[in-house]
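*Asks:* One structure, as structure tokens, below. Some questions next.
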Amino acid sequence: MLAPDADVGASSGTDPLGPRAYSDDPRQVSAYVAAVVAAYRSARMLSAPLHFPGIGAATGSTDDGPAEVGLDMRALGRRDLVPFRAAVQAGVPAIVVGHAGYAPDSFVVPGSLSHAIETNLLRFELGFRGVAITDDL
């Protein structure tokens, strides 16, 4: 299951996710993500939260074209990574990596193709050892 959506919504009213975002509060999204991952596990279903490392603060929807998340790594860690940490701690087997551009790559390389995002952040910082898949290309 390519779910749950682990993106933290934007409280500015310019949220590219619209109703797909559970909340603009990272703690609420984290609790939701952990509960959904646990429910899928208890039902013997695989889940893959999306869109790592978060697209709630993106300039637009990555479904419509290129978008950038203008948060530095510290802000990303305090906001968008919180639900993904909860998912990893809940034992999620897979994570969907999004296509937005992020600051570590000067917004040039999408997250799904970024060593800084996929390896340094997902594997090393979060300690995720499961399957990383891309969102639709």
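Readers should treat all values here as calculations from the given coordinates under stated rules, not as data from a laboratory. Note that the structure is a prediction, hence the values are computed from the model and not measured. Using ideal geometry, Cβ is built from the backbone for each residue, glycine included, and neighbour counts are taken over all protein chains shown.
*Asks:* Got a sec? How would Val29, Val109, Val82 order by Cβ neighbour count within 10 Å, fewest to most? List each step's numbers first, then the result.
*Replies:* Values: Val29 28, Val109 15, Val82 21.
Ordered from fewest to most neighbouring Cβ atoms within 10 Å, Val29, Val109, Val82 come out as Val109, Val82, Val29.
*Asks:* Dipole of the chain, Cα-centred, from +1 at each Lys and Arg C-beta and -1 at each Asp and Glu C-beta, to the nearest 20 debye?
*Replies:* Values: 10 positive and 15 negative charges, 142 e Å.
Computed about the Cα centre, the dipole is about 680 debye.
*Asks:* In whole angstrom, how far apart do the alpha carbon centroids of the range 95-137 and the range 20-59 sit?
*Replies:* 16
*Asks:* Longest span of the chain, sites excluded, free of trypsin sites (Lys or Arg not before Pro) in DSSP loop with at most 16 other C-beta atoms within 10 Å? Please list the in-between numbers first.
*Replies:* Working: sites that count: Arg44, Arg129.
Result, exposed sites excluded: 45-128.
*Asks:* Give the span of the range 18-134's Cα atoms along each principal axis, as three whole-Å numbers ordered largest to smallest.
*Replies:* Ordered largest first, the range 18-134 gives principal extents of 40, 29, 26 Å.
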